[in-house]
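*Asks:* Quick one: structure below, then a few questions.
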Ligand SMILES: [Zn+2]
């Protein structure tokens with residue numbers, strides 16, 4: 001049975017890019033945490049289904065919640081980096097990314113995690129404009145990245161990029177890229193591997209996308225967030241569209257994930273990549 005990659009970006013609901021106008025970075029420590037609600041649901045579901053996943057931790061979270069990092073590791077999951085405080089790559093710049101990764105690595109190490117092998121940038125901001133990030137990742141010993149989104153979107157995306165596992169040649173060597181799943185539909189790639197579309201479209205669409213990739217011998221990668229499993233999170237005064245996107249179908253996330261966990265086999269990124277080491281793209 002083919003192994004697909006399952007991942008969770010470990011961040012608070014108030015750290016999401018969509019809501020960044022409403023929760024200033026300096027105020028984060030004053031906002032009550034909701035992280036445990038989602039993490040309990042996720043870790044419970046994975047245990048029930050015998051599935052393992054990759055948890056991309058924000059360094060900011062790892063620094064404050066070493067217990068959560070250890071809980072993931074103890075349950076056999078992979079811990080990787082989601083950057084320190086959810087900054088966009090284009091805002092960090094090259095030197096800023098080096099510092100951001102170093103701080104996150106230090107926070108993960110202090111929490112008892114091995115050096116992260118994988119990275120996912122905030123909000124898929126690894127684009128043609130921030131391609132230098134691959135050089136930085138290779139320099140720091142990362143083995144894979146999951147920040148490229150092969151979709152057309154006003155803020156991110158690399159349309160036409162290989163939607164499965166591929167190898168990117170960077171300045172100091174090569175690195176694997178494993179984007180989250182997309183599904184070709186009417187000439188566009190729909191991001192069905194997580195986020196708003198995952199909660200908007202019937203779960204059958206995500207299942208069909210995974211099955212379609214499977215038939216082509218390619219594993220899929222899914223991404224979800226703890227806040228997507230927390231339908232009681234405080235509603236914040238964001239603009240209507242941002243609020244709609246953020247809270248749409250939160251109650252459905254768990255049953256949808258469970259449907260997929262019943263039908264497919266999921267593992268951490270590093271495991272799936274090791275099994276597909278011969279795939280070159
Ligand atoms: Zn994120």
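*Asks:* Any idea which of (1) within 16 Å of the ligand (Cβ to nearest atom); (2) touching a helix residue (DSSP H, G or I) at 6+ places or on another chain (Cβ under 8 Å); (3) within 27 Å of residue 151 (Cβ to Cβ) is the one residue 129 doesn't satisfy?
*Replies:* The failed condition is (1).
*Asks:* Still on this structure, please answer the following. Residue by residue through the stretch 180-212, note down the ones that are under 23 Å from residue 118 (Cα atoms) and over 19 Å from the mean Cα position of the chain (by Cα).
*Replies:* Once the filter is applied, which keeps residues that are under 23 Å from residue 118 (Cα atoms) and over 19 Å from the mean Cα position of the chain (by Cα), the stretch 180-212 yields nothing.
*Asks:* Please state which one of 242, 220, 209 is closer than 21 Å to residue 82 by Cβ and touching a strand residue (DSSP E or B) at 6+ places or on another chain (Cβ under 6 Å). Don't jump to the end; show me each part of the working.
*Replies:* Details: 242 fails: touching a strand residue (DSSP E or B) at 6+ places or on another chain (Cβ under 6 Å); 209 fails: closer than 21 Å to residue 82 by Cβ.
After ruling out the rest, the residue left standing is 220.
*Asks:* Would you mind finding the one in 87, 113, 133 that is within 23 Å of residue 71 (Cα to Cα) and either crowded, with 18+ Cβ neighbours inside 10 Å or in contact (Cβ under 8 Å) with a residue 40 or more places away in the chain (or both)? Walk me through it before giving the result.
*Replies:* Details: 87 fails: within 23 Å of residue 71 (Cα to Cα); 133 fails: within 23 Å of residue 71 (Cα to Cα).
Among 87, 113, 133, only 113 is within 23 Å of residue 71 (Cα to Cα) and either crowded, with 18+ Cβ neighbours inside 10 Å or in contact (Cβ under 8 Å) with a residue 40 or more places away in the chain (or both).
*Asks:* Quick one: which residue in 249, 189 is more than 16 Å from the ligand (Cβ to nearest atom), within 27 Å of residue 22 (Cα to Cα) and surrounded by 14 or more Cβ atoms within 10 Å (Cβ to Cβ)? Step through it out loud before you land on a result.
*Replies:* Numbers: 189 fails: within 27 Å of residue 22 (Cα to Cα).
Criteria check complete, one pass: 249.
*Asks:* Then there's this: Only one of (1) touching a residue at least 40 places away in the same chain (Cβ under 8 Å); (2) in a helix (DSSP H, G or I); (3) surrounded by fewer than 22 Cβ atoms within 10 Å (Cβ to Cβ) is not met by residue 232, so which one is it?
*Replies:* Condition (2) is where residue 232 drops out.
*Asks:* On to the next question. So which residues in the stretch 240-281 are in contact (Cβ under 8 Å) with a residue 40 or more places away in the chain and assigned to a loop (DSSP other than H, G, I, E, B)?
*Replies:* Of everything in the stretch 240-281, those that are in contact (Cβ under 8 Å) with a residue 40 or more places away in the chain and assigned to a loop (DSSP other than H, G, I, E, B) turn out to be 248, 249, 264, 268, 276, 279, 280, 281.
*Asks:* Condition first: more than 16 Å from the ligand (Cβ to nearest atom), over 26 Å from residue 62 (Cβ atoms) and in a loop (DSSP other than H, G, I, E, B). Can you find one or more residues in the stretch 140-149 that meet it? Give the steps one after another, and end with the answer.
*Replies:* Residues of the stretch 140-149 more than 16 Å from the ligand (Cβ to nearest atom): 140-144.
Still in the list and also over 26 Å from residue 62 (Cβ atoms): none.
Checked against the condition, which is being more than 16 Å from the ligand (Cβ to nearest atom), over 26 Å from residue 62 (Cβ atoms) and in a loop (DSSP other than H, G, I, E, B), the stretch 140-149 yields no hits at all.
Read-outs: derived from the displayed coordinates by stated rules, not from any lab. Owing to the predicted nature of the structure, the values given are computational and were not obtained by experimental measurement. Cβ coordinates were reconstructed from backbone atoms using ideal geometry, including for glycine residues, and neighbour counts include every protein chain displayed.
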